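Q: Pasting a structure here, questions to come.
The values are calculated or read from the model by the stated rules, or taken from the named source; none is laboratory data. Please read all numbers here as calculations on a predicted model, not as lab measurements. Note that we place each Cβ from the backbone using ideal geometry, even for glycine, and neighbour counts take in every protein chain shown. Just so you know, the surface numbers come from the protein's heavy atoms only, side chains and all, with ligands and any DNA or RNA stripped out. Shrake-Rupley method; radii C 1.70, N 1.55, O 1.52, S 1.80 Å.
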Amino acid sequence: MCGIVGILAERPVADLLVDGLRRLEYRGYDSAGVATLVDGVITTRRAVGKLQNLADRLQQEPLPGTVGIGHTRWATHGRPSEDNAHPHFSDRVAVVHNGIIENHRALRAELEAKQHRFKSETDTETIAHLITDYLQQGMTPQAATATALKRLEGAFAIGIIFAGHPNLLIGARRGSPLALGYGDQEMYLGSDALALAPLTNCISYLEEGDWIELTPGKAVVHDANDQVVERKIHQTNLSGAMIGKGQYRHFMLKEIFEQPAVIGDTLASLVTADNKMALPDLPFDWATVPRLTIVACGTAYYAGMVAKYWFEQLAHLPVEVDIASEFRYREAPLPQGGVTLAVSQSGETADTLAAISYAKKQGQKILAVVNVPQSSIARQADAVVPTLAGPEIGVASTKAYTTQLTVLLCLAVAAGVARGKLDAKRAAAILQAVREVPAQLNAVLRDEHKIQELAHHLAEARDVLYLARGALYPLALEGALKLKEISYIHAEGYPAGELKHGPIALIDEFMPVVVLAPHDALFEKTASNVQEVVARGGKVVLFSDAEGQAKIGTKPFWSMALPASDPVVAPLLYAVPVQLLAYYTALAKGTDVDQPRNLAKSVTVE
Ligand code: M6R
């Protein structure tokens, strides 16, 4: 969602701000802007649409100034327009904000009654006028900010500059992340460390309620009670190159191709070379856990659905999987001694955070599977098992999903062993099957041209159906989500057994039906469904293995043989062709693959 950059330097900062914003583009946005102090006066440049529009504007009307803030906005309150783009400002204060100020209407009414003139429809502008009001009462910028923060309800990360104060930059966070970067006499703020990657690798993460005062070469952090506190400085290993596209046309394609490596890395962090578990210590014993509750959103939720099959089959552990935005309000009773598992790439998804806070209040232990170890979800969890996917920039999640599956399968195996439901031999065989996945995926990736050819047909479809059974059913949902997100083709995933209960009515010669059907215990059942589709003129696109292809019993419109594997790892193996199909279909349609319309990478508001 919205991205924030702030820089206090001894050189002009406008171009640096735009460069930082480019690294946040992946979060999704529809307008952008920067503000600096020019001769002590707040001066802004803002533009609707792509960041390039802002860069062009700055080319025509350059912005000097050595302190500044920048923002990419994903519209919540008020349509995407130049007036609604950040920074928002008065004559004394300019503010950039990520999050939502829930009491903005009441504050706005109060401030308008005091003759503050609003220029936008946003909730953010109230912050600028509120701080201005306190400045007008004679407070210092620091005191005005601290006082204003106490009146804000909702979630925010903010960056603020003050007219007449070229050596001051203030940031604050509550509910939305904000990183602080240390340079050589320069100080930085960023929504995440990626934004600051080329400027510094010395990063602190603000805690909930912190606000920070940056002056040249110095950072003073205050907690929610305005007490000065220390926050640890981390050395990140992010570099500009790591977040480039390399030889690939899109981040999504690069990230699809990174999967063999990152699955291997993730597995190696959890399992020894001789297939012995090396999981981090967990604050509970799988043997006595009465129920596991998995909460997540989007693709991470589908990873959680796959995990339900694994935990139930391998560990006989009852599992509830819930979409975090539903779970947080469902008032679900949770068992004593239960564990809630949050799955998230970003670790900042607002609904998932709220779900774990509900579970905590119900006395659950919180286990997090996240890709960003410093994230809010990681910090709120009792234990974290990280995915080692590296930065995922494409809005459509790919490598985060398969590394989540890798971690979740290892956890299910550990639970199975601890609960006495899985013997050591079968556990080692499963881990060996995971170990073979990277090589098998490399073979699939070598065949990407076949999927690219098929994608030209799929690009003509208006609707697509995805069918699968068992642990591959969540992948049918994920395949449909991927296609919707980046190609804008309507798609739905169904358990193949549900076909006759409704969706079969949709089948005609224009409806591609993507079937994920390895030759496993449920294959014959899915093969019958394939015949039902073919009999009605539907175009079946079949992903199976050689045996499945031979035994399907009818001629699909198109099919591809994937490597045969232990059925337990099929959700990992079949994920990649499904991702490639969405990618190449979107490419054929000419959509913006890495930044699809309306989408944000990390959904930090409700
Ligand atoms: O960062 P998270 O994993 O918590 O994000 C969850 C979803 O927002 C995310 O998976 C979303 O569905 C992706 N766009 C899917 O490609």
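Q: Considering each of Val413, Val464 in turn, give the residue that is open to solvent by less than 10 Å² (accessible area, probe 1.4 Å), over 23 Å from Arg27 (Cα atoms), outside the structural domain of Gln531 (by TED's automatic domain parsing) and touching a residue at least 24 places away in the same chain (Cβ under 8 Å).
A: On the way: Val464 fails: outside the structural domain of Gln531 (by TED's automatic domain parsing).
From the options Val413, Val464, the qualifying one is Val413.
Q: When only residues in the range 326-358 that are polar (S, T, N, Q) and open to solvent by less than 10 Å² (accessible area, probe 1.4 Å) count, which is nearest to the ligand (Cβ to nearest atom)? Break it down into steps so the answer makes sense when it comes.
A: Narrowing the range 326-358 to residues polar (S, T, N, Q): 336, 340, 344-346, 349, 352, 357.
Those left that are additionally open to solvent by less than 10 Å² (accessible area, probe 1.4 Å): 340, 344, 352.
Values: Thr340: 15, Ser344: 3, Thr352: 5 Å.
By that ranking, first place goes to Ser344.
Q: For the range 94-128, give me the residue count where each residue is of a type in the set (Gly, Ala, Ser), farther than 18 Å from Pro80 by Cα and buried (at least 20 other Cβ atoms within 10 Å of the Cβ).
A: First pass over the range 94-128, keeping only residues of a type in the set (Gly, Ala, Ser): 94, 99, 106, 109, 113, 120, 128.
After this cut, where a residue has to be farther than 18 Å from Pro80 by Cα as well, the list is 94, 106, 109, 113, 128.
After this cut, where a residue has to be buried (at least 20 other Cβ atoms within 10 Å of the Cβ) as well, the list is 94, 128.
Number of matching residues: 2.
Q: Still on this structure, I have one more. Would you please name the residue that is farthest from the ligand (Cβ to nearest atom), looking only at residues in the range 563-606 that are outside any loop (DSSP other than H, G, I, E, B) and open to solvent by 10 Å² or more (accessible area, probe 1.4 Å)? Working first, answer last.
A: Of the range 563-606, the ones outside any loop (DSSP other than H, G, I, E, B) are 567-573, 575-589.
Checking the rest, the ones that are also open to solvent by 10 Å² or more (accessible area, probe 1.4 Å) come to 567-568, 584, 587-589.
Details: Pro567: 25, Val568: 23, Tyr584: 16, Leu587: 16, Ala588: 19, Lys589: 17 Å.
Among those that are outside any loop (DSSP other than H, G, I, E, B) and open to solvent by 10 Å² or more (accessible area, probe 1.4 Å), it is Pro567.
Q: For the structure I just gave you, tell me whether Ile323 is of a type in the set (Val, Ile, Thr), within 12 Å of the ligand (Cβ to nearest atom) and open to solvent by 20 Å² or more (accessible area, probe 1.4 Å). Explain how you work it out, then say what you get.
A: Working: of a type in the set (Val, Ile, Thr): yes; within 12 Å of the ligand (Cβ to nearest atom): yes; open to solvent by 20 Å² or more (accessible area, probe 1.4 Å): yes.
When the stated conditions are applied, Ile323 passes them.
Q: For residues that are within 16 Å of the ligand (Cβ to nearest atom), under 23 Å from Val434 (Cβ atoms) and not in a strand (DSSP E or B), tally how many sit in the range 271-320.
A: 9
Q: Restricting attention to the range 512-524, does a residue exist that is in contact with a Lys or Arg (Cβ under 9 Å, 6 or more places away or on another chain) and over 20 Å from Val578 (Cα atoms)?
A: Yes, the range 512-524 contains a residue that is in contact with a Lys or Arg (Cβ under 9 Å, 6 or more places away or on another chain) and over 20 Å from Val578 (Cα atoms).
Q: Right, next: For Ser559, work out the one condition from (1) in contact (Cβ under 8 Å) with a residue 24 or more places away in the chain; (2) over 30 Å from Phe311 (Cβ atoms); (3) open to solvent by 10 Å² or more (accessible area, probe 1.4 Å); (4) not basic (Lys, Arg) it doesn't fulfil.
A: Of everything listed in (1) in contact (Cβ under 8 Å) with a residue 24 or more places away in the chain; (2) over 30 Å from Phe311 (Cβ atoms); (3) open to solvent by 10 Å² or more (accessible area, probe 1.4 Å); (4) not basic (Lys, Arg), Ser559 misses just condition (1).
Q: Being in a helix (DSSP H, G or I), outside the structural domain of Val569 (by TED's automatic domain parsing) and within 14 Å of the ligand (Cβ to nearest atom) is the requirement here; does Tyr401 meet it? Outline the logic, then answer.
A: Values: in a helix (DSSP H, G or I): yes; outside the structural domain of Val569 (by TED's automatic domain parsing): yes; within 14 Å of the ligand (Cβ to nearest atom): yes.
It is true that Tyr401 is in a helix (DSSP H, G or I), outside the structural domain of Val569 (by TED's automatic domain parsing) and within 14 Å of the ligand (Cβ to nearest atom).
Q: Which one of the conditions (1) open to solvent by 40 Å² or more (accessible area, probe 1.4 Å); (2) more than 28 Å from Tyr488 (Cβ to Cβ) does Arg536 fail to meet, given that it meets all the rest?
A: That leaves (2) as the condition not met.
Q: Hey, could you check the range 359-378 for residues that are away from the ligand (no atom under 11 Å from the Cβ), buried (at least 20 other Cβ atoms within 10 Å of the Cβ) and more than 19 Å from Gln235 (Cα to Cα) and say which is nearest to the chain's Cα centre (by Cα)? It would help to see each step written out before you state the result.
A: Applying the first criterion (away from the ligand (no atom under 11 Å from the Cβ)) to the range 359-378 yields 359-367, 373-374, 378.
Subsequent filtering for residues that are buried (at least 20 other Cβ atoms within 10 Å of the Cβ) retains 359, 364, 366-367, 378.
Remaining after also requiring more than 19 Å from Gln235 (Cα to Cα): 359, 364, 366-367.
On the way: Ala359: 21, Gln364: 24, Ile366: 19, Leu367: 18 Å.
Filtering the range 359-378 for residues that are away from the ligand (no atom under 11 Å from the Cβ), buried (at least 20 other Cβ atoms within 10 Å of the Cβ) and more than 19 Å from Gln235 (Cα to Cα), the one nearest to the chain's Cα centre (by Cα) comes out as Leu367.
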